[in-house]
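Reviewing the structure listed below.
Throughout, read-outs are computed from the coordinates displayed, never taken from laboratory work. Since the model is a prediction, treat every value here as computed from it, not as a measurement. Quick reminder, even Gly has a Cβ in these numbers, built from the backbone with ideal geometry, and neighbours come from all protein chains shown.
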Amino acid sequence: MKLRIKILLSSLLIVAVSLGFFAWFILRQQRDSLLADMQIQGSIHARIISRSVFNSLLMNGGDPEAAKIDTSDSIKMMKPLEKKGLVSVVSALNAASFKGFVLAEYASEQYADQAAHPGQRYIAEDLLNSWLKTGESQVACGTDELCHRFTEVFEYKGKPVIVTAVTLSRRPMEDAIRRTKHGIYFFLGIAVVLSFLVSWFLSSALSRNFAKLTRAVRLFERRPDENVELAIRSKDEAGELAATFEHMAEVISRQVKELKEMDRLKDQLLANTTHELKTPLNGIIGLSSAMKSALAAGEYPSAESLDLIHYSARRLNRMVDGLLDMSKIRHKDMSLEKAEFPLSLLCLRAASLLRPLAVQKGIELRTFVEHGVYVTGDPEKLEQVIINLVSNAVKFTSEGFVSLNLEIRENTAILRVTDTGIGIPEAEHEKIFESFYQVSGEASRAYEGTGLGLAVTKSIVEGHGGTICVESETEEGSTFTVKLPNAKMDKGAQNPDFFETWEARESAVLPNPQAPVAEEGISPVPPVDSSGIHGTILVVDDDPINLRAVTANLKQAGHHTVTAESAFAAKQLMESGAVKPDLVLLDVMMPKLNGFEFTKILRESKSLYELPILLLTAKIRSSDIVKGLSAGANDYITKPFESSELFARIKTHLMLKKAVEDHHTLNSIRSELEMAKKIQNSVLPPFSVKTSGAVLEALYIASAEVGGDFFDYHIGQNGAVGVLIADVSGHGIASALISSMTKVAFSVAADHLDQPATILRSLNQILQDKLDGHFITAQYIYIDPAARKIISARAGHNPSLLFSRSRQSVMELNPRGPAIGFFPDPIFVMEEHGYEIGDRLLLYTDGITETSNAQGELFSEVRLTKLLTDGAADPKEFLATMLDSVERFRGVPSGENKSPDDDLTAVVIDLL
Ligand code: ADP
C-alpha cells in the first residue's frame, strides 16, 4: 500500500475513533446531568405542591372543596415548567372519606390527553394506592414517549394525607441530546474533512520527497558517477535525509570517478606498457628470425642485426627498470645511493648519449653546462632524471632544438631542459607528474610512452630534496626546471674518474638504426614461399628497428619491400607514384599521422581488395582493433608476431587481391569459385583439436559454388573451448570474403570467450556495415570443463544438438537471437546446460539437414538426431558415418564424388 494511502487511512481512523469516544462521553454527561436536573425538578415540585396543598387545606379548616378553590389558582403557576416537559401535576387527598379527592390539578395543553387524571373529582383508588410511596417511576406517555413520574406523600401525624404526582416528559431532555448529537456530527464531519485535507497535504509533501529520493536513488544506481541534486530544501527530517543522501552520493560518485579513473589508468598502463614492451620485443624476434633464415641459407647474419637486438634488449631493460622504480616509489622503498659527484659531467654524458636520437629526428641538441657543479646524490637516479627529461623533449619535438642547461645559484644546481616541441596545455601542467598520466589529444597520443617517466623523475628529484616544475605553451615548446639543493662549485675537481665504472657498465655502443635498409647485411636468399604469390609491400613504421626486422623477414619470403618511417612519407611516396604497393603493412602508433588516419586516407582512393592494409599493432585492446577495422584495414597483426603468421596473412590478402583482379579481368566464374574455395580453406582452422576438456573433429565439404560456411574455435584456460559455427548467406567469393572477415572479427572478440552473447554482439558490431546485403547465421558455444557446463548463444542458426549418453537423449540448444547483420544492437539470449563426461555436442549448418533426396524429402534434424543416438564412439568415425548417410540419402553411390548443393559443415565435440 502506498505511503500516502496509509497516512490518510490512519489519520482518518485516529480522528474518527477519538472523536467518537469524545462524542459518546459528552452525550453521556449531558444525559446524566439532564436526568438529574429532571429528578430534582420533579421531586422538589411534588414536595412544594404537597406542602402548599396541605396549607390550603389547613387554612380552609380541612374543607377539601374550599381548599381546592385556593389550590386551583395557585397551581397555574406551574405553567413555566411546561418547557421543561411538565405533563401533569395531580395532588389528591388520602383521607378516609375523601380518599382520592383531587385537591389540585394541572395538565399542560400539549399533554392534555395524557394527564394522569384529567378533570375528575376523584382519582381511582388503585391509582392512588400506586402513588402511595414517595419516589420516581417511568411511565409511558403517548405511543413513543417516555415520562418520569415523581410522587410525594405528605404525612400528617404519621399518616399519609396528601399524595402528589408530578409527571415530566423526557422529550425536552432528548431534544437537547439530539441537538448536541447533531452538533457533534457536524463537528466530527468538519474534523474528518480537515484531517483528510491536512494529512493529504502532509502525505503528498512526504511522498513527493520520497518519490524524489527514490528517483534519485534509481538514477544514482544507473549512473553512480554523476552528482545528485534532490531539490528538497525543507528543514524537516526529509530535508535532512535528502541532504545526507546528497552528501553520500557525492562521496560515492567521487569514489566511483576515482575508481573509474584508476581503472582507466590501469588499462592505459597495461596498453601502454605492453605496447612499449612489445616494440623492442618485436625487433628482437623479427631480427633474430631473419638471422635464423640467413643462417639456414648458409649466410652470415649481419653484426648490425646483432647490435640492434642488443640495443632493443637494453631498451627493454630500461623499461622494466622504470616499472620497477615506479613500483618501488608506490611502496615508498626507493633507496638512493648518495655520493658527491660532478653533475656537470653527468649532463654532458647524458647529452652525448641522446644526441644520436636527436640527430636522427633532425633536431639540434644544445648544451649550456656550467663546469664543476657538484651535488650529493644518487648519480644513477639523477642520470635517469636527465635522460627522461631530454628524451621526452626530443620525443615531443619534430623541428627546432632541445637545450640542456646547468648552472649554480646560491648552492642550488638549476637544470633546465627546453624544447620547441608540441608543448603542454596549461591545465595539464600538474597532472603530467602523476603516474601513468599522458596528455590527451591526438597530437600527443601519437607518441609512444607509458606515462611513468615524469612521475619517476619527480619522485627522484624530491627524494634529493629538490623540486621540478614545467613552463609550457602548446605549439611553442616546454621548459622543465629541476632545482637540486646542496650544490657546490669545485673547478679543480673536473676529473671524470667518477664515471669510469659507469663507462664500463654502459659501454655498449648505440647502433645507428638510421642506416638504410639496403645496406643491411642479409643477402637475398631464394624465396621460402613457393606459392608464387609475392608482391610489393610498403612497410610503414616509425621505429627503425621494427622496420628493419619486418623488411628483413619479408625479403626472406621473396617479397619486394619499400619502407617509410612515417605515414607522411608513405603518403608522399604513393602520391608521387614512385611506389605502387600490392599491400601495406602499417604501424598504428606514429606521430602526426597515425595508422588509423592513414588507412582512412588510403581508403578514399583504394578499395579493400585493390590495396589490402594490414595493421601492425602492439595494442591488444579490442577497441583499437575495431577502430582499425572500421577505418578500413583488412586485418591486423599484433606485435611481436611470428614470421609464419605474418607470411600467412600477407599471402591470404594478396590472394584475395589477385582473386578480385582475376575476377575483373577474366570475369570467369570458375576462377572465382577456385578462389572462393582457396579463401574458404585458408580461413578454416585445423579440423581436429584436443584439449583436456574436449575432443573436436570437424567436417567441411564445399559445395560446387562455395556456400560460405565457416567454423572456428579458440582454446581457453583449463581445457575450455569456444566454438563458433556460421553460415554466410549467398555463395561464391562474396560469401567467402565475409567468412574471412568473420574469422578476424571472431579473433577480436576472443577476449570474451566465456560470454557467448558478447561474442555474437561483437561479431554483429564489427561486421554489420560490411555485409553488403548478406547476413550470417551463427551459434557460439563455450565449453567449460571445470564447471562441467556449456553456455551458448545463437544468431538465427540451426540449433546445435547435445547428446546425453547416460539418458540416451538428444537436446536442442536453441537460445533466441537474430541473425547477424539485421539489427544494430541485437539481444542474444544465453543458455547454460550441465553435461556429463562422454556427452557429445554437434554443431552443423543447414547444408546437412536440408539435403534432399529424389523424392524431395529433407534429411532433417530427425535423421541427424537418430545418427547421434546410434552414433559411433569415435568422433571421426561418427562424422564419416554421417557424411555417408547424407550422401546415400542424396542418392550418391558410396565412394563416388558429387559436390553437394550447399556447403556441408559439422563440428562434433566429445566432452571429456
Ligand atoms: P611518457 O612515457 O608517456 O612520455 P612521461 O611521464 O615522461 O610519460 O610524460 C607524461 C606526459 O607528459 C607525456 O605523455 C606527454 O604527454 C607530456 N610531456 C612530457 N614531456 C613533454 C614535452 N617535453 N613536451 C610535450 N609534452 C610532454
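Under the Kirkwood approximation applied to all pairs of distinct alpha-carbon atoms, what is the hydrodynamic radius of segment 223-282 in Å? In segment 223-282 this quantity evaluates to 14.2 Å.
Residues whose amide H comes within less than 5 Å of that of E610, counting only those at least five positions distant or on another chain, are absent (H built at 1.01 Å from N in the peptide plane).
Each helix, a run of at least 4 DSSP H residues, gives -39500 (n - 2.57); summed and divided by the residues of the chain, these come to -15500 deg cm²/dmol at 222 nm. Kirkwood Rh over Cα pairs of segment 744-805 into Stokes-Einstein at 25 °C, 0.890 mPa s: D in µm²/s? Translational diffusion coefficient: 193 µm²/s.
Shape class of segment 702-859 from the Cα gyration tensor (axes a ≥ b ≥ c, square roots of the eigenvalues): oblate, since a/c reaches 1.5 or more and a/b does not exceed b/c. With neighbour counts taken as other beta-carbon atoms within 10 Å, the residues S860, S688, S312, S682 rank, fewest first, as S688, S860, S682, S312.
Dividing the alpha-carbon radius of gyration of segment 231-352 by the rule-of-thumb value 2.2 N^0.38 Å gives 1.97. Normalised by 2.2 N^0.38 Å, with N the number of residues, the alpha-carbon radius of gyration of segment 32-117 equals 1.14. In terms of other Cβ atoms within 10 Å, I701, I790 run from fewest to most in the order I701, I790. The simple spin-label model puts a point 7 Å past each Cα toward its Cβ; for Q808 and E426 those points are separated by 8.5 nm. FRET efficiency for S72 and R31, Cβ-Cβ distance as r, R0 = 56 Å, nearest 0.05? The calculated FRET efficiency here is 0.95. Relative to the longest principal axis of the Cα atoms of the chain, the long axis of helix 544-556 makes an angle of roughly 60 degrees. Note on the chain: Cα-Cα pairs beyond 43 Å make up 61% of the total pair count. Computed over segment 851-912, the alpha-carbon pair-distance distribution with 5 angstrom bins reads 4, 16, 27, 26, 18, 7, 2, 1, 0, each value a whole percent.
Remark: segment 23-35, residue by residue, has Karplus-estimated 3J(HN,Hα) of 4, 4, 5, 4, 5, 4, 4, 5, 4, 4, 6, 5, 5 Hz, where x stands for each Gly or Pro and the curve is 6.51 cos²θ - 1.76 cosθ + 1.60 at θ = phi - 60°. In this label model, E407 and Q855 are separated by 10.3 nm, measuring between points 7 Å along each Cα→Cβ vector.
Overall form of segment 772-877: oblate. Here a/c, set by the Cα gyration tensor axes a ≥ b ≥ c, is 1.5 or more, and a/b is not larger than b/c. Residue exposure proxy: W200, W24, W131, ordered by other Cβ atoms within 10 angstrom of their Cβ from fewest to most, comes out as W24, W200, W131. Placing R0 at 35 angstrom, the Cβ-Cβ distance between R603 and A648 gives a FRET efficiency of 0.90 after rounding to 0.05.
Unpaired cysteine residues in the chain (no second Cys Cβ under 4.7 Å): C347, C469.
Straight Cα distances below 22 angstrom link K292 to the lysines K278, K555, K639, K651, with same-chain residues fewer than 8 positions distant left out.
Once you treat every alpha carbon in segment 149-280 as an equal point and sum by Debye, what is log10 I(q)/I(0) at q = 0.17, 0.20, 0.21, 0.22 Å⁻¹? Summing over Cα pairs of segment 149-280 leads to -0.98, -1.11, -1.15, -1.19.
Judged by the ratio a/c of the largest to the smallest principal axis of the C-alpha gyration tensor, segment 75-216 counts as prolate, that ratio being 1.5 or greater while a/b is larger than b/c. K84 to W24: FRET efficiency via 1/(1 + (r/R0)^6), r the Cβ-Cβ distance, R0 35 Å, to the nearest 0.05? Efficiency for this residue pair is about 0.85.
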